[in-house]
Structures are given as structure tokens and as C-alpha cells.
1. Tell me, what ³J(HN,Hα) does each residue in segment 35-43 have, in order and in whole Hz, if you take phi through Karplus 6.51 cos²θ - 1.76 cosθ + 1.60 with θ = phi - 60° and put x for Gly and Pro?
2. Compute the relative contact order of segment 1-121 as a whole-number percentage, counting only Cα pairs closer than 8 Å that sit 6 or more residues apart in sequence.
3. Using only Cα atoms, tell me the angle between helix 96-119 and the longest principal axis of the chain; keep it within 0 to 90° and round to the nearest 10.
4. How much accessible area per residue does segment 1-148 have, counting only protein heavy atoms and a probe of 1.4 Å, in square angstrom?
5. Can you tell me the order of 24-34, 237-247 when each peptide is scored by its average per-residue count of other Cβ atoms within 10 angstrom, highest first?
6. Quick one: angle between helix 228-247 and the longest Cα principal axis of the chain, in degrees between 0 and 90, rounded to 10, please.
7. Evaluate E = 1/(1 + (r/R0)^6) for ASP3 and LEU236, where r is the Cβ-Cβ distance and R0 equals 35 Å; express this FRET efficiency to the nearest 0.05.
8. What's the angle, to the nearest 10 degrees (0 to 90), between helix 132-149's Cα axis and the longest principal axis of the chain?
Amino acid sequence: MVDPIILALAAAMLVAAFAYASVGHGGASAYLAALALAGVAPAEMRPIALALNILVSAIGTWKFQRAGYFRWRLFWPFAIVSIPLAFLGGAIVLPGHTYKILVGVVLVYAAWQLWMSARLGDEIRTPREPPLAWAMAVGAVLGLLSGLTGVGGGIFLSPLLLILGWAGTKQTSATSAPFILVNSIAGLAAGFTMKSAALPSQIWILAAAVLVGGWFGAEYGSRRFANPAVRRILALVLALAGGKMVLL
């Protein structure tokens, strides 16, 4: 018999996957938030979030690339350094309390970014190429953070690309999705290599849910703009979960 908590998590993650995939993200911050609210142990949270992230970001990568928004020149400087550092971060097992505080801070930051992004318009901007050294430095920091926490790094990369004028809205989504994909693969691979990661037997239920949500979300996002109200709702959930992890 399927655990009712797993079914509730699946429903929440399906909605989260749709919303996040529509902006080129994998949804790890929302998955971590849902897992935290459900009382899942910190040791189990990272591999679950990374595995689900891989599924959704793979769909987003394909959808946004097929729509013609992906630019290799924008992507590779961030990814080439982030991948080995995501592997390194994934191999590090933080103490449970330290991990909860770190993830809590990341979730609160993600909530703030989602809330702010809901206020931004989807105006078209003329992007400029990011300096190679800066892009690689950013990729290194985000890769390590991705492996340590179980997020793919897109929640940090996306606002930087937009604020610094390195990409327009759709190009940002098309860059974030593969960036999240490669970092999530590296982080999860490190966990399995070091035998510090394990997935629950009912992970397939969560996987099926995010595949459905991610498919329709990426299809919607690669053709239209995401609904700001959805971002605000997700921001409130992330803030609640992040506060719970930091304070409790």
C-alpha cells in the first residue's frame, strides 16, 4: 500500500514541477521544501531532490532547446567549472543540523527570488556576452553549492543572467535548465560513488509526478510566459519551509 504522505508529496511536487519547469528550473528548492514540511530526514532529502531535478531539467533542456532559445556560448563557461565542483559538493556529507540551516537559507533566498521575479515583466532585452572569467567563477560557486544542498543552482544563476544583462528571459530559462541538469547529475553521482546517497523504494511515484508536471510546464514555458501568481504562491511555501528548517 502506498504511504499517504508519499501521495501528498507527489501531488505537491507535480504542481511545483509544472511551475518551475515553465521558467527552466528543475524544482529542487520546492522538492526540498515539501520534504522538509513532511518531516523527511535531511540525509534523504538531497538525493531525492537531485534525482527529481534531473528528470525535470532534462525535459526543460530539450523543450527550450527545441524552441530555439539555447546558446552554447552562454552555457559552457558556467558549466565547465560547475560540474566537478558539484561532484565535490555531492561527496561532502554535512552534519544534519548544518545541512538544515544551509538548505533553509537557500530556500528563503529562493522564495525571495521567486517573489521578486513575479514583479518583473517579460520584456525582451538585448543580451551581452558574460566575461569568461566571471562566468567560470560564478559556475564554480554555484556548482559547489548545488552539490552540497541538492539544488541545481538555477535559482541562483537565473537572476544573475537577467540582472547583469547576460540573457533575456527565454535564454535564461534555456541556460538554467541544462546547467541544473549537469550539476544535479554530478551531485547525485558523487553521492552514489561515496555511498552516502540512497533513494527510497517509492521514489518512482514522485518521479512519475514530476515527469508529468515537468513535461507540461516546460511545454507551456517554452511557448508562453509563466503566471506571476504561481511564483508568489511558491515563494510563500519556500519561505515557510526555509524558516522551519532554520528555526526548528
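The values are calculated or read from the model by the stated rules, or taken from the named source; none is laboratory data. Note that the structure is predicted; figures quoted are calculated from it, not measured. Here the Cβ positions follow ideal geometry from the backbone for every residue, glycine too, while neighbour counts run over all protein chains shown. Calculation scope for accessible area: heavy atoms of the full protein, side chains included, ligands and nucleic acids excluded. Shrake-Rupley method; radii C 1.70, N 1.55, O 1.52, S 1.80 Å.
1. 5, 5, 5, 7, x, 5, 4, x, 5
2. Result for segment 1-121 is 24 percent.
3. 40
4. Value returned for segment 1-148: 45 Å² of accessible area per residue.
5. Result, highest mean Cβ count within 10 Å first: 24-34, 237-247.
6. Helix 228-247 and the main axis of the chain meet at about 50 degrees.
7. The calculated FRET efficiency here is 0.85.
8. Once rounded, one gets 20 degrees.
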